[in-house]
Amino acid sequence: MAVNGSCSYVEVNNCVLNGVRTALSESSSICSDIGEISETEVMKSTSCTFDDPFDSIEESWHHCDNMVQTSDNKIHVANSLMDVDQDPRKRLYFADGRRKVDYVLVYHYRKRSFVRGSPNQHRLSTISNGSYPLGVEEKDPVGGKDEPVEVVVDVGPPDPADGEKIMIREEFEGNLKQAGLEIERDKESKTHGQAFIRLHAPWQVLSREAEFLKIKVPTKKSYELREDKGLAATMNELWRKLNQPFQPKVPHQEQEQSRTKFLSHCFSRDKLHLYNITSKDTFFDNATRGRIVYEILRRTACARTCQTMGISTLIANGVYDSAFPLHDGDFRPTGQAEGKNDRQLLHDEWARYGAFYKYQPVDLIRKYFGEKIGLYFAWLGVYTQLLMPASVVGIIVFFYGWATVETNIPSQEMCDEDQNFTMCPLCDRACDYWHLSTACGTARASHLFDNPATVFFAIFMSLWAAMFLEHWKRRQISLNYSWDLTGMEEEEEHPRPKYETILLQKRQSKKKNKKNKNEPERVVDESGELGKDKWRQRLLSAMAAGNPTGHEKLTWRDRLPGYFINISSILFMFGVTCSAVFSVIIYRITISALMAMSPDPDVKSNVRVTVTATAVIINLVVILILDEIYGMVAAWLTELEIPKTETNFEERLILKAFLLKFMNAYAPIFYVAFFKGRFAGRPGDYVYVFNDYRMEECAPGGCLIELCIQLSIIMLGKQLIQNNIFEIGIPKLKKLCRTLKDKERDPKEIVEQPGRRQQWHLDYDLEPFDGLTPEYMEMIIQFGFVSLFVASFPLAPLFALLNNIIEIRLDAKKFVTELRRPDAVRAKDIGIWYNILSGLGKFSVIINAFVISFTSDFIPRLVYQYIYSETGTMHGFINHTLSYFNVSNFKPGTVPSVSSLGKDITVCRYKDYREPPWSTEAYQFSKQYWSVLAARLGFVILFQNLVITMSMLVAWVIPDVPKNISEQLKKEKTLLVDVFLNEEKEKLQLIQSLFSKDLTQEQQDEVQVSDQTSLPLQETHTGPVLSAPCPGSTAPRTRPRAASFSQFTRQMSMSPRSDITQHTAV
């Protein structure tokens, strides 16, 4: 095969590549002696067509002299760097400075090797033994500079996977251009790196897709909101003035607070005259433009090269690295005289810690990030605001306990050394008898959280949870109304990449099995055609496989292995959590025994507090480690279930992650609250672990103080370490590692100045957005701490409030400065998270009832005061709760070896309701035990029914839809009906005027014809008005047909330009 040396430059690429391939394979022909080429011919060489995938690979490396033409549409090549004196706002536009960049696709390219020619060389030579220089001058279409062309020399067979990706990219981008998008790419000036493809949606595409997506836009029709009168108006004005210092200075929010409301309606290209279109470039904001382009990317298919649909599948397969919309410029002030962009407004008024006292600009957040993220921050703001009254009540309860600790009779009795309660040893042999007065500090601290006000606070928090959910429903409906989400239909979702892959494998397997049954197996030699182009055969077989995806789906049999692995793995993780809790229990038992053997009396008196605190810290570390592991396990298990859509995947992932993390976070707390001390036994009949260690018991003051310590340390530790330090540190570490990795990859290539980089380069360096699941999960676990065990820790709402004030600004800073701009996703609610919150609210009623009944001493005190107390007071309560034990009944080897209290001790006391040793039923449960147990169960039933009934009453009293919103919805429906009726009336009037004009014009024409001709009257045209005009008539007929009215109204519409009526075919 020889290459003609006189081939035109339009065929240069084919000549070069064919010559290189021939030289390396046959060593017989050389493409040389190419004539001199002018710069004009260089600029005209924009068309390259390849039928072979290997040519496509080389074409992608060379980019057809920086311009690719597919389907007669050009993809322009631009310089990737910005001029130093360029306006920073131009970073958001194409090279022409007019078309806005709506979306960016990124992929990694690699040039195998290249030869750079000098400007004075114009001859190309390739040989089999040696090397010849190559040089062709090329003029940069952007900078106008002469640069030598880089010609890729094929030194070996290209990677089949890269060839397949190049083919897929070419087809995908060609389909995007057929859909109406305009594309611009960077010039590949390095041997390898990231290539950026920028997409722009013109007006025709935006209007078409907005109509398909039923995007609501404001119309010209407006109305005034009803103003309050009387006392309500005065109160609202006073509240508005008081809130004025806390409002963010956002122009968009000031417009929302005006009394004028514009009607909104789904966008329609036939009703452009209804909308206030001042400029086609700004009618749709950047978030809406990005969402429209993402919708096109999501549904664009690659049917020729691969059976895939959507950009998410291509990213999962490695065809593209990432895809994202651009931020609105830099978040730092630029010093421009013009106003700030939305990103700068969000940074100054929302993402700064100095703005912690201000309300969130929720409408601007929604405008910039979309409804889904806007709803998250709105929900977080409502939750944080409602924590304020809960914090105030919790502080009051705490100070009530602090103020009454000196007058609390049980605490005084425990601290009274004159009563001299001698307690049984805390461990065998090594532990001595001890006096109850040594636990005075624990008893006094326990009263701070275990007092009558705790019951009131538990009831209050249960009602608070119900009010929070009802208030959020009202707020959510208000946001749906103001954000034009009422009546929004759920969008159809495309299958996930993993689902498509499994489905394709299933179809191929069925086809293969069917083929094996009908035909004998065809044996192909490994050195034959199939072995040589195995990757190409697999691709073609995938293209020709089976039925469309919609005609076949995965059944429960396909998912059965995944379900089995899910169940077994979740049970195994539960076992791991329980094992961790049990290990900490062993630690507590052994350390308690060792500290009890200490000769230091101070150490002995603080055994419980010290052991509890250190054990909780160990629990916290284990919880943090297992949390990260469980998050990855939940994602892996969800992938095994093969969910079809992203919504199904997200819901299943949330359920698994919440189940595992809930178990991990609350298992130690549940143990202390409901299991510790319940199965320890009694003196002489203790329960042992490993036959050596006694099960631990609750303190004489109860386990509530230990539950308080456990809850406070875990809650504060998770918020401080996991929610704040991890969120700040991990993204910065990831960014640092990625920067170091890029420098190590090719340090010589990194010569760009940061000030000259375009916006897509800056955004690509940011962390990708991974969804809202981690953000919601943090708050849901915190909501559990606030609601479930709040009876044991009244200060939990206060610490949650302080954390959320920081969390809002931390998340805001992360979204504005550290993350790529997420796709604007429409959503009407917070999804499955509301169901989880509702479940936690109902579960908290039961948990708090059991905490008050079984963990605290509230019920035993009531029973003693009203049944067993002779004076009706709490005097003698401590003696009533302590049982007697005869020390002679100790098992051999368990008696204290050395006693500092003397050898005359015959009886010791322990906390329980049992018969004394001199009773006929010694050491059996006494009548007091059964009385207290009955009272506890009765309180649980009473508390649960009372609180649930009150919660249902609160939900019934508070309507879901605010009254003003329902009235405005009805008013807007009526106004929209009037608008369309008036429009139809105007149409009829136009048609009538059109016909009357035709009648008048024809009558005038007939008179003119009769005056100018001498023909008889019967020969003149006197036909019907609606008949066609005679051929000889010179007057043009206007359009009398009703079918052409839509065209007439488009031409007569109030649109700013006449070209808005041009439609793009779907």
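The values are calculated or read from the model by the stated rules, or taken from the named source; none is laboratory data. Small disclaimer: the values here were computed from a predicted structure and weren't measured. Neighbour counts run over all protein chains shown; Cβ positions are idealised from the backbone, glycine included. Surface areas here come from the heavy atoms of the whole protein model, side chains and all, with no ligands, DNA or RNA. Shrake-Rupley method; radii C 1.70, N 1.55, O 1.52, S 1.80 Å.
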A195 vs (1) closer than 16 Å to E295 by Cβ; (2) in a strand (DSSP E or B): all pass except (1)
Is it the case, given these coordinates, that F783 is open to solvent by 50 Å² or more (accessible area, probe 1.4 Å) and of a type outside the set (A, V, I, L, M)? no
Any residue in the range 381-404 that is outside any helix (DSSP H, G or I), within 47 Å of the chain's Cα centre (by Cα) and among the small types (G, A, S)? no
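Each row is one residue, and each column tells you yes or no for (1) within 30 Å of the chain's Cα centre (by Cα); (2) among the polar types (S, T, N, Q); (3) over 30 Å from M952 (Cβ atoms); (4) open to solvent by 20 Å² or more (accessible area, probe 1.4 Å).
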{"position": "N451", "(1), (2), (3), (4)": "no, yes, no, no"}
{"position": "A465", "(1), (2), (3), (4)": "yes, no, no, no"}
{"position": "N480", "(1), (2), (3), (4)": "yes, yes, no, no"}
{"position": "M488", "(1), (2), (3), (4)": "yes, no, no, yes"}
How do the pairs read when you match residues in the range 549-575 that are more than 23 Å from S509 (Cβ to Cβ) and of a type in the set (G, A, S) with residues anywhere that are modelled with pLDDT of 90 or more and part of a helix (DSSP H, G or I), using Cβ under 9 Å and keeping only pairs 6 or more apart or on different chains? S569/V633; S569/W636; S569/L637
Going by what's in this entry, would H252 be described as at pLDDT 85 or above and in contact with an Asp or Glu (Cβ under 8 Å, 6 or more places away or on another chain)? no
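Residue under question is V392, and the condition is that it be of a type in the set (A, V, I, L, M), without any contact (Cβ under 8 Å) to a residue 12 or more places away in the chain, farther than 30 Å from V217 by Cα and surrounded by fewer than 19 Cβ atoms within 10 Å (Cβ to Cβ); does it hold?
Values: of a type in the set (A, V, I, L, M): yes; without any contact (Cβ under 8 Å) to a residue 12 or more places away in the chain: yes; farther than 30 Å from V217 by Cα: yes; surrounded by fewer than 19 Cβ atoms within 10 Å (Cβ to Cβ): yes.
Yes; evaluated as a whole, the condition is true for this residue.
If you go through the range 267-274 one residue at a time, do you hit one that is in a loop (DSSP other than H, G, I, E, B) and modelled with pLDDT of 85 or more? Before you say what the answer is, go through the steps one by one.
Going through the range 267-274, the residues in a loop (DSSP other than H, G, I, E, B) turn out to be 267-268.
Next cut, modelled with pLDDT of 85 or more only: 267-268.
So far as the range 267-274 goes, yes, one or more of its residues are in a loop (DSSP other than H, G, I, E, B) and modelled with pLDDT of 85 or more.
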Exactly one of these conditions fails for F843: (1) surrounded by 17 or more Cβ atoms within 10 Å (Cβ to Cβ); (2) closer than 30 Å to S462 by Cα. Give me its number. (1)
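When you go through E628, E651, E639 one by one, which is the residue that is in a helix (DSSP H, G or I) and closer than 16 Å to I832 by Cα?
E651
Name the residues in the range 279-304 that are more than 29 Å from R98 (Cβ to Cβ) and surrounded by fewer than 22 Cβ atoms within 10 Å (Cβ to Cβ), would you?
First, the residues of the range 279-304 that are more than 29 Å from R98 (Cβ to Cβ): 301-304.
A301, A303, R304, listed by residue number.
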Residues (more than 29 Å from E349 (Cα to Cα), free of Cβ contacts under 8 Å to residues at least 24 places away in the same chain and surrounded by 11 or more Cβ atoms within 10 Å (Cβ to Cβ)) located in the range 213-247: D228
Could you please let me know if E349 is open to solvent by 10 Å² or more (accessible area, probe 1.4 Å), among the charged types (D, E, K, R) and under 30 Å from N175 (Cβ atoms)? no
Any idea which residue in the range 495-504 is nearest to the chain's Cα centre (by Cα), counting only those that are crowded, with 20+ Cβ neighbours inside 10 Å and not charged (D, E, K, R)? P495
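Can you name the residue in the range 397-419 that is touching a residue at least 12 places away in the same chain (Cβ under 8 Å) and open to solvent by 70 Å² or more (accessible area, probe 1.4 Å) and, of all such residues, is farthest from A796 (Cα to Cα)? Can you show your working first?
Applying the first criterion (touching a residue at least 12 places away in the same chain (Cβ under 8 Å)) to the range 397-419 yields 397-398, 400-402, 404-405, 408-411, 413-417, 419.
From what is left, the residues that are open to solvent by 70 Å² or more (accessible area, probe 1.4 Å) are 400, 402, 417, 419.
Details: Y400: 16, W402: 17, E417: 34, Q419: 36 Å.
Only one residue fits best here, namely Q419.
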Looking at the range 764-813 only, could you name the residues that are assigned to a loop (DSSP other than H, G, I, E, B) and either touching a Gly at 6+ places or on another chain (Cβ under 9 Å) or in contact (Cβ under 8 Å) with a residue 40 or more places away in the chain (or both)? L766, P768, F769, G771, L772, L788, F789, F793, P794, L795
Go through the range 668-702 and count every residue that is open to solvent by less than 20 Å² (accessible area, probe 1.4 Å), of a type outside the set (V, I, T) and out of contact with any Phe, Trp or Tyr (no Cβ under 9 Å at 6 or more places or on another chain). 5
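For V816, state whether it is open to solvent by less than 10 Å² (accessible area, probe 1.4 Å) and in contact with a Pro (Cβ under 6 Å, 6 or more places away or on another chain). Before the answer, list the steps.
Working: open to solvent by less than 10 Å² (accessible area, probe 1.4 Å): yes; in contact with a Pro (Cβ under 6 Å, 6 or more places away or on another chain): no.
It is false that V816 is open to solvent by less than 10 Å² (accessible area, probe 1.4 Å) and in contact with a Pro (Cβ under 6 Å, 6 or more places away or on another chain).
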Among the residues of the range 942-977 satisfying the criterion of being loosely packed, with under 12 Cβ neighbours inside 10 Å and among the β-branched types (V, I, T), which is modelled with the highest pLDDT? T949
Would you check which residues across the range 898-921 are within 16 Å of L882 (Cβ to Cβ), surrounded by 12 or more Cβ atoms within 10 Å (Cβ to Cβ) and not polar (S, T, N, Q) and list them? I905, V907, C908, R909, Y910, K911, D912, Y913, R914, E915, P916, P917
Pairs returned, first residue in the range 279-291 that is under 19 Å from A323 (Cβ atoms) and at pLDDT 90 or above, second residue that is among the hydrophobic types (A, V, I, L, M, F, W, C) and surrounded by fewer than 21 Cβ atoms within 10 Å (Cβ to Cβ), beta-carbon separation under 8 angstrom, 6 or more apart or interchain, are T288/I215; R291/L213; R291/V825
